[in-house]
Ligand SMILES: NC(=O)c1ccc[n+]([C@@H]2O[C@H](COP(=O)([O-])OP(=O)(O)OC[C@H]3O[C@@H](n4cnc5c(N)ncnc54)[C@H](OP(=O)(O)O)[C@@H]3O)[C@@H](O)[C@H]2O)c1
């Protein structure tokens, strides 16, 4: 199969918009390497790119898109509003900034990056601004990230609108059954960040689970040998077989290609359940219960 003929399965969001299930993430991808990573991904079949205002690389994502040779309307671009720009006016300003840095005239999916429990009113006002940009046709779909079930409920109580998608930390070491169930009950697509255990790859010994990362776990290695695939491909397949969207990040062309070469096998129900059982219940990212704009101070407008 030539790389160009590979295609991700699609998921349908609750407003009917279609989204590729598998994409490229660019968190911690230095701006200088981002355009190359995005172009490499798109030229090898990726159609979904996940960035955020806080990643400080939206301009380079736009550059990668424009140099890819693939028409804009065949791509699905996600970006996120940083909590430092919450509130209605702040969100409008934040959206305009992302659109301008990306050099696009619409975003496919716009997300609230984190809930801010200590100023939830500003979180809700930001979401109301996102509803407005969606109504204007400047965002095709809107959603949230890192929302726990009670945050979803609180947002729904305030706005009456169900987010299209919730992007959460999710991999075989942190499987988030309660959040996934809350998303499913509401018809919200679950999208995995750190899908291959990214944060663990950077924080060895964060958990005691028989391996420092999901990619080093004997179960995953055994399945990789069985299918003639790599551990990362097995973990990405686990996401797709569950019906999740996943956005693995890499700056290395060979890994970008590897992470998308997952459409010629699938895991059995027993294998999926065995991987589910690797859950440690330990998260490696920030805590959505206590997140504030100061958790990672970021001056969005300075970029
Ligand atoms: N909403 C949020 O709060 C949030 C938080 C974090 C991330 N995200 C999004 O989710 C995306 C993915 O998460 P992530 O970047 O934290 O973690 P990840 O994709 O699970 O892991 C990325 C790490 O794995 C390495 N890697 C990539 N492919 C590999 C392979 N085939 N074999 C071995 N190692 C491999 C990468 O290194 P190399 O680059 O050197 O290959 C990098 O160190 C982000 O880029 C971002 O778009 C969202």
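The values are calculated or read from the model by the stated rules, or taken from the named source; none is laboratory data. Because the structure is a prediction, the values reported are computed rather than measured. A quick note on method: Cβ atoms are made from the backbone with ideal geometry, for glycine too, and the neighbour counts reach across all protein chains shown.
Look at residue 102 and say whether it is touching a helix residue (DSSP H, G or I) at 6+ places or on another chain (Cβ under 6 Å), farther than 16 Å from residue 291 by Cβ and within 16 Å of the ligand (Cβ to nearest atom). Yes: the conditions hold for residue 102.
Scanning the stretch 135-172 for residues that are over 17 Å from residue 187 (Cβ atoms) and in a loop (DSSP other than H, G, I, E, B) turns up 136, 137, 138, 146, 148, 170, 172.
Looking at the stretch 173-192, which of the residues that are at pLDDT 95 or above and in a loop (DSSP other than H, G, I, E, B) is farthest from the ligand (Cβ to nearest atom)?
Among residues in the stretch 173-192 that are at pLDDT 95 or above and in a loop (DSSP other than H, G, I, E, B), the one farthest from the ligand (Cβ to nearest atom) is 187.
Evaluating residue 179 against the criteria (1) under 27 Å from residue 60 (Cβ atoms); (2) buried (at least 16 other Cβ atoms within 10 Å of the Cβ) leaves one unmet condition, (1). Within the stretch 37-50, the set of residues being in contact (Cβ under 8 Å) with a residue 40 or more places away in the chain and within 12 Å of the ligand (Cβ to nearest atom) comprises 37, 40, 41, 48, 50. Within the stretch 74-89, can one find any residue that is over 19 Å from residue 301 (Cα atoms) and surrounded by fewer than 19 Cβ atoms within 10 Å (Cβ to Cβ)? The answer is yes, given that some residue of the stretch 74-89 is over 19 Å from residue 301 (Cα atoms) and surrounded by fewer than 19 Cβ atoms within 10 Å (Cβ to Cβ). Annotation: of all residues in the stretch 158-172 being within 23 Å of residue 118 (Cβ to Cβ) and at pLDDT 95 or above, the one that is surrounded by the fewest Cβ atoms within 10 Å (Cβ to Cβ) is 169.
When restricted to residues that are surrounded by 18 or more Cβ atoms within 10 Å (Cβ to Cβ), away from the ligand (no atom under 11 Å from the Cβ) and more than 22 Å from the chain's Cα centre (by Cα), the stretch 227-256 contains 0. Taking the stretch 214-226 as the range and being away from the ligand (no atom under 14 Å from the Cβ) and surrounded by fewer than 17 Cβ atoms within 10 Å (Cβ to Cβ) as the test, the residues that pass are 218, 222, 225, 226. Whenever a residue of the stretch 78-97 is at positive phi, its partners that are crowded, with 24+ Cβ neighbours inside 10 Å, lying with C-beta atoms within less than 7 angstrom and at least six residues away or across chains, give the pairs 87/126. Number of residues in the stretch 98-107 that are at positive phi and part of a helix (DSSP H, G or I): the value is 0. Of the residues making up the stretch 264-282, those that are at pLDDT 95 or above and crowded, with 18+ Cβ neighbours inside 10 Å number 3.
For the stretch 283-296, which positions are exposed (fewer than 14 other Cβ atoms within 10 Å of the Cβ) and touching a residue at least 12 places away in the same chain (Cβ under 8 Å)?
Correct list: 289, 290, 295.
The residue of the stretch 18-32 that is nearest to the ligand (Cβ to nearest atom), among those that are surrounded by 15 or more Cβ atoms within 10 Å (Cβ to Cβ) and over 16 Å from residue 167 (Cα atoms), is 29.
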